[in-house]
Every structure is written in C-alpha cells, then in structure tokens.
1. If the cut-off is a Cα-Cα distance under 28 Å, which lysines reach residue 398, setting aside same-chain residues fewer than 8 apart in sequence?
2. Just the number, please: percent antiparallel of the DSSP beta bridges in the chain, rounded to the nearest 5.
3. Once R0 is set to 25 Å, what does the formula 1/(1 + (r/R0)^6) return for the Cβ-Cβ distance between residue 52 and residue 451, expressed as a FRET efficiency to the nearest 0.05?
4. How many angstrom lie between the Cα centre of the stretch 302-341 and the Cα centre of the stretch 1-70?
5. Mind listing the phi-derived Karplus ³J(HN,Hα) values for the stretch 464-478, rounded to whole Hz, using 6.51, -1.76 and 1.60 with θ = phi - 60°, and x for any glycine or proline?
6. Heavy-atom accessible area per residue, the stretch 253-317, 1.4 Å probe: how many Å²?
7. Give the carbon-plus-sulfur fraction of the accessible surface of the stretch 380-483 in %, rounded to a whole number; probe 1.4 Å, heavy atoms of protein chains only.
8. Determine ³J(HN,Hα), in whole Hz, for all residues of the stretch 71-85 in sequence, where each value follows from phi through the Karplus function 6.51 cos²θ - 1.76 cosθ + 1.60 and θ = phi - 60°; x replaces Gly and Pro.
Amino acid sequence: MEKRQKNIKLIILTVSLVLILISLLTHFYGGTDVYDYTDIAKYLSGDYPAKIRSSHSYLYGFIHTPIVDITNSFLIFKITSLISLFLIIYSVYRISGRDIKALWLILLSPIVWYLSPWASPIQLASLFFLWSYHFIKKYDKTDNLRFLLYSGILSGLAWAFWDAVLFFIPLFLISFMYNKKLIHSLYFLLFIFLGVLPRLILDQFLIGFAFFGIIRHVSASLTLSFLGGVYNQESLAGIFKLIIVLLFLPLYSYLLFTKKFFKENKKTSIFIGLSFLLIIFNSQIRFAMIIVPIIILSISKILTKKQFTIQIVIFLILTLFVINPYAIQIRYSTNLSEAGLYVQEVSKFQVSSEFSDKLIREDLKDITYEYPHEVFVVGNEPDSYRIPANLYFGNQIKEFVSIEDYNLFLNNETTIFDRTACTSYKINERRDFCINILIRKAKGDVTDYSSISYALTGEMDINLENFDLVKRYRVLSLFKKSN
C-alpha cells in the first residue's frame with residue numbers, strides 16, 4: 001500500500017511537471033481578451049507607447065505591473081496562471097475530503113490544460129468562485145452568516161478580477177437564496193460589494209469614477225449581444241462552438257440531474273443547470289473553467305469505478321488534443337494556436353519555423369534605429385496598433401496610433417460607434433423607449449495627428465491616401481506620408 005501511494009504521488013508529480021513545462025515553454029499566451037490584461041500591466045508600468053483600450057477590469061493587469069516593469073516580459077502572467085490552477089486542483093482535493101478520484105479528475109481536466117498558458121484572470125476568478133461555492137453550501141446547511149460573508153467576499157473578488165463572474169452571481173442568488181430570508185440576500189449583496197472594493201478603488205484612482213469599469217463592461221456586453229458589437233462581431237455562438245465547449249465538461253455531468261442526486265443536492269443542480277444555459281448563450285471554452293471544478297466535486301463521489309475510468313480516458317484524450325497546439329508552439333509557429341481554432345479551421349492549418357512576434361520585435365528594432373522618436377499610424381484594422389504596442393519595450397517610439405483615430409482626425413469626426421435600440425409597439429402607443437450607446441474619441445487626446453509622417457501595417461498596403469511604401473521588413477511594411 002505504501003509503495004502504491006508513492007507511485008501515485010510520483011505520477012501526479014510527473015503530470016504536474018508536464019503541465020508546468022508546456023505552459024511555460026509554449027510561445028502561446030492566450031487568445032480572447034489577453035491584450036486587455038497584458039496591455040494594462042505594461043501601460044501602468046509606464047512602458048506602453050499607445051493609448052490604452054480595454055473593456056475589462058484593470059485589476060488583474062495592475063497586480064502584475066511591478067514584475068512586468070522589472071522583467072520587460074509577460075511571463076509572470078503564465079506563472080500566476082499556473083499558481084491559480086494548482087490551487088484549484090488542491091482545493092478540489094481538499095474540499096472533496098481528499099478524494100483521490102476528485103484529484104485525478106481535476107488534474108486531467110482538459111479545461112485546466114487549455115487555460116494553463118493563458119494570460120487571463122479566469123483562473124484566479126475560478127479559484128475564488130470555487131471557494132465561494134464551498135462556503136455558500138456551508139451557509140445553506142447552517143444559516144451561519146459567517147459562511148455567507150466568506151462566500152460573498154470571494155464572489156466579489158472573483159468579479160473584481162473577471163467581469164464575466166457578474167453573470168454567474170445572480171445564478172448563485174437564484175439557486176441558493178430563494179428560500180432564505182430576504183435580509184440574508186441583501187447581506188450577501190453587501191458582502192459581494194466588499195469583495196469587489198479593490199476594483200472600485202482602483203477605478204476611482206485611475207479614472208475618477210469607481211463604477212466606470214463595471215458600467216463599461218455591461219454596456220459592451222449588451223452592445224455585443226443585441227447590436228452586433230462596435231465592429232460587428234458575432235454575438236451568439238453557433239451549435240458547433242457549443243459542442244466544442246460541452247466536450248470540456250465532464251461526460252457524467254448529467255448525473256447531477258438524476259432524481260436521486262437532485263433530491264439530495266437540489267440547489268447545486270439548479271446552479272449547474274442555469275450555468276449550462278449561460279454557457280449555451282455564450283459558447284466560449286474558457287467559461288467552462290468556472291463550473292468544471294464544482295461539477296467534479298459533485299460527481300466524484302457518485303461515479304462508479306467503470307464511469308470513473310471512462311471519464312479519465314475521455315479527459316486524457318481531450319487533454320492530449322488540447323496541448324498539441326501548445327506543444328507545437330514550443331518550437332514552431334502555427335496559425336491555429338489553440339484547440340478551439342484547431343477544430344474549427346483544421347483545413348487551414350499551417351506551421352512555420354518563424355514566430356511572428358519575434359519577427360515583429362526585430363522589425364521594430366530596425367525601424368526605431370532608422371526612424372527614432374516618431375509617431376506611427378498602425379493599420380489596417382482599428383486595433384492593429386495594439387500588436388506592436390504590446391510587443392515593443394523601449395523608449396525610441398513616441399506612439400503607435402490607431403488608424404481609426406487617425407481617420408477620425410482626417411474627417412474631423414469624433415464618433416466611433418453610435419447605435420440606438422428602440423421599442424416597437426404593436427398597440428397605438430404614443431411614445432417609444434430608446435437606449436442610445438455612443439462611443440467617441442477621447443476628448444483629452446493630445447496626439448498631434450497633423451505631424452504624423454509614417455504608417456505601419458503587417459499587410460502589403462495601408463488603407464490611407466497619400467502614404468507611399470518606403471520599405472518592407474520581415475513582417476511590417478513602413479509607409480511615409482507624401483507631401
């Protein structure tokens with residue numbers, strides 16, 4: 001028995017080491033919204049040569065600022081991601097009563113491996129949310145307000161770091177507080193407010209309005225869902241994306257809705273069921289991280305030996321598939337950088353021995369040597385400027401400017417996005433109720449657009465008149481304004 005336990009510990013250690021090595025060695029830092037966090041850390045360190053643009057909490061980037069400032073690197077984001085994930089793994093093991101089945105399920109869960117190299121607050125927020133769930137269950141059994149306090153503060157902290165937690169908090173209220181005293185629900189909201197205070201304080205300090213970040217994100221989410229987003233992004237995911245997300249959930253999640261389990265754990269089942277609906281509405285793989293640890297805690301004790309074996313095999317297959325793009329990116333660059341893209345666009349799969357980020361850094365080094373202390377318009381997309389601004393560490397570039405801002409200057413305009421949604425009554429109502437969403441160029445913009453002489457793009461041409469090609473570098477093309 002002692003030898004068997006040593007072997008199990010050795011296997012767990014080996015698997016953990018593989019997770020660490022793949023996460024740290026791969027050149028991949030994540031997909032959706034990653035710049036919203038790394039850019040903030042770089043901007044607050046004083047080394048971001050552009051205007052900041054983020055629709056997410058500044059708090060996660062803020063806590064990484066000192067290390068990014070010292071190292072001129074974003075590697076610290078991967079390290080904190082791994083720390084959060086290992087704390088989740090240990091937490092599941094601890095909360096489950098040191099159940100070895102729960103440990104194996106969370107350790108081999110594909111969502112853990114999928115998010116391990118991501119520069120994202122999801123991992124940290126999921127850790128807080130897991131413990132919030134643990135304490136709200138304790139409160140449900142005892143009505144002890146101390147546990148409700150812990151749960152509320154932890155939910156608030158999760159929300160402070162990752163905006164999407166806001167959409168899970170009402171599900172907590174519906175699932176666990178529907179039969180409690182109303183005053184306890186109000187207490188819970190107060191405790192959540194205490195947890196989110198660090199974000200509010202930071203926003204008040206940086207922007208002058210504590211609730212700016214929350215209002216901004218809610219508005220952005222509504223705009224994306226109902227008006228197609230600022231740049232006409234997809235609002236709802238298709239069935240194919242939904243299937244991919246569901247693959248990251250345990251196969252035996254359906255056991256949470258069996259008659260026996262539901263009778264004994266009704267509130268957990270309701271919460272997971274509502275969370276499924278939320279994930280269906282917004283089918284992104286990363287959202288699975290918030291509920292997978294809770295599902296594993298719930299099913300680990302009811303799985304038969306056969307079911308447990310099947311689930312482990314499925315997780316192993318999916319995890320090997322998930323880490324394949326990351327393993328490739330240890331030595332090679334690929335256009336399908338993560339599993340979601342790999343499944344959707346496998347026919348477009350390409351591999352290169354050169355990493356575009358490295359090439360862009362080399363281009364910028366040459367450009368700053370040949371054209372120091374210049375302002376560069378970057379196109380051809382509105383946010384193309386974020387790529388060089390994120391990659392460049394130095395003081396030889398004054399600013400990277402969005403081609404969108406430059407065109408607004410040329411046309412003497414300030415409005416970026418202006419949409420109005422109104423009611424449309426079937427009855428003879430005298431008034432319509434409308435909501436207007438306006439995004440405009442910042443009034444405090446001090447950039448001297450009229451003096452800009454150069455433009456950059458990763459494409460062959462720049463979508464600007466009177467700019468002529470000067471030189472093509474490895475990735476970037478440099479253009480100069482003609483007189």
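The values are calculated or read from the model by the stated rules, or taken from the named source; none is laboratory data. Bear in mind the structure is a predicted one, so any value in this text is a computation, not a measurement. Reconstructed Cβ throughout: ideal geometry from the backbone, glycine too, with neighbour counts over all protein chains shown. Keep in mind that these areas ignore ligands, DNA and RNA; they rest on the heavy atoms of the full protein, side chains included. Shrake-Rupley method; radii C 1.70, N 1.55, O 1.52, S 1.80 Å.
1. Within the straight-line limit of under 28 Å, residue 398 reaches these lysines: 42, 51, 358, 365, 441, 443, 471, 480, 481.
2. Numbers: 18 of 28 bridges.
Antiparallel bridges make up about 65 percent of those DSSP assigns within the chain.
3. Values: r = 22 Å, r/R0 = 0.88.
Efficiency, from the Cβ-Cβ distance: 0.70.
4. 19 Å
5. 9, 7, 6, 10, 10, 5, 9, 7, 9, 9, 5, 10, 7, 10, 9
6. On the way: 3040 Å² over 65 residues.
I get 47 Å² per residue for this part.
7. Details: 3020 of 6700 Å².
About 45 percent, which is the carbon plus sulfur part of the accessible surface.
8. The phi angles translate into 9, 6, 8, 9, 4, 4, 5, 5, 5, 5, 4, 5, 4, 4, 5 Hz.
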